[in-house]
Amino acid sequence: MEVTRDRAWETLTRYTASEALRRHALAVEASVRSYARRGGEDEQLWGAVALLHDFDYEIHPTLDRHPQDGAPILREEGYPEELVEAVLSHAEHLGLPRDTPLKRTLFACDELSGFVHACGLVRPTGLDGLTPKSVRKKLKQPSFAAGVHRDEVYAGAELLGLELDEHVANVIAALQPIAPQLGLRTAADAA
Ligand SMILES: [Fe+2]
Ligand SMILES: [Fe+2]
């Protein structure tokens, strides 16, 4: 099958009704796609992996099932093994090697996209004017977006060989164009 965005979105939304989960998928997609573009990689494939990485979370909300029990569903849907393996590799508890740029990028964007999204939600101008420095400060407040694993955020930047600030700036820039889909205000709303 040809992996297209439409196909991936259709699969995601068939298994995922939660708006928060759909937004998480969109945020990770935007971040991963921006790295694909930057690196001249297959944006369609990378974007589909990002959209689908948590597609089964709603039906398998526990780590003894997510994402491993989602994998056979993706295979049945006809997705290529490269996509399925990349999806599986995002899960820390499976301990799979992150041996491709796609796997490293997915891991690096997963928690951080969620965190930057959370930062934007509490600001009147959303992501506009949000700096890596203020994101870093918030990372040090354990009570803010407490579900985001800080160690995975730091490990992700390192895995990409980037300074944390650079990675954060890239993710902010990637999410800005889809702010409305993420439920974020913008500077224009605040004006
Ligand atoms: Fe996940
Ligand atoms: Fe995720």
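The values are calculated or read from the model by the stated rules, or taken from the named source; none is laboratory data. Values in this document were obtained by computation on a predicted structure and should not be read as measured data. Counting neighbours? That spans all protein chains shown, and the Cβs are built from the backbone with ideal geometry, glycine included. Protein only, heavy atoms only, side chains kept; ligands, DNA and RNA dropped before computing areas. Shrake-Rupley method; radii C 1.70, N 1.55, O 1.52, S 1.80 Å.
So for the range 88-95 (the condition being touching a residue at least 24 places away in the same chain (Cβ under 8 Å), away from ligand 1 (no atom under 12 Å from the Cβ) and out of contact with any strand residue (DSSP E or B) (no Cβ under 7 Å at 6 or more places or on another chain)), does at least one residue qualify?
no
Is there a residue being acidic (D, E), within 21 Å of A27 (Cβ to Cβ) and away from ligand 2 (no atom under 13 Å from the Cβ) anywhere in the range 42-53?
Yes.
Out of K133, K103, K138, which single residue is free of Cβ contacts under 8 Å to residues at least 24 places away in the same chain and away from ligand 2 (no atom under 15 Å from the Cβ)?
Every option except K138 fails the conditions.
Can you name every residue in the range 42-72 that is in a loop (DSSP other than H, G, I, E, B), touching a residue at least 24 places away in the same chain (Cβ under 8 Å) and open to solvent by 20 Å² or more (accessible area, probe 1.4 Å)?
Of everything in the range 42-72, those that are in a loop (DSSP other than H, G, I, E, B), touching a residue at least 24 places away in the same chain (Cβ under 8 Å) and open to solvent by 20 Å² or more (accessible area, probe 1.4 Å) turn out to be D54, Y57, E58, I59, L63, Q68.
Going residue by residue through the range 113-127, is there one that turns out to be touching a residue at least 60 places away in the same chain (Cβ under 8 Å), in contact with a Ser or Thr (Cβ under 7 Å, 6 or more places away or on another chain) and either under 23 Å from H66 (Cβ atoms) or among the polar types (S, T, N, Q) (or both)?
Taking every residue of the range 113-127 in turn, at least one turns out to be touching a residue at least 60 places away in the same chain (Cβ under 8 Å), in contact with a Ser or Thr (Cβ under 7 Å, 6 or more places away or on another chain) and either under 23 Å from H66 (Cβ atoms) or among the polar types (S, T, N, Q) (or both).
Kindly indicate which of R123, R185, R98 is crowded, with 17+ Cβ neighbours inside 10 Å and away from ligand 1 (no atom under 16 Å from the Cβ).
After ruling out the rest, the residue left standing is R185.
Which of the residues that make up the range 141-157 are surrounded by 13 or more Cβ atoms within 10 Å (Cβ to Cβ) and without any contact (Cβ under 8 Å) to a residue 60 or more places away in the chain?
F144, A145, V148, H149, R150, V153, Y154, A155, G156, A157
If the requirement is being touching a helix residue (DSSP H, G or I) at 6+ places or on another chain (Cβ under 6 Å) and within 16 Å of T4 (Cβ to Cβ), which of these qualifies: A36, A86?
A36
Counting only residues that are closer than 22 Å to R104 by Cα and of a type in the set (V, I, T), which one in the range 59-88 is nearest to the chain's Cα centre (by Cα)?
V87
Across the range 12-41, which residue is least open to solvent (accessible area, probe 1.4 Å) among those that are over 16 Å from E77 (Cβ atoms) and outside any helix (DSSP H, G or I)?
Checked the range 12-41; the qualifying residue least open to solvent (accessible area, probe 1.4 Å) is S18.
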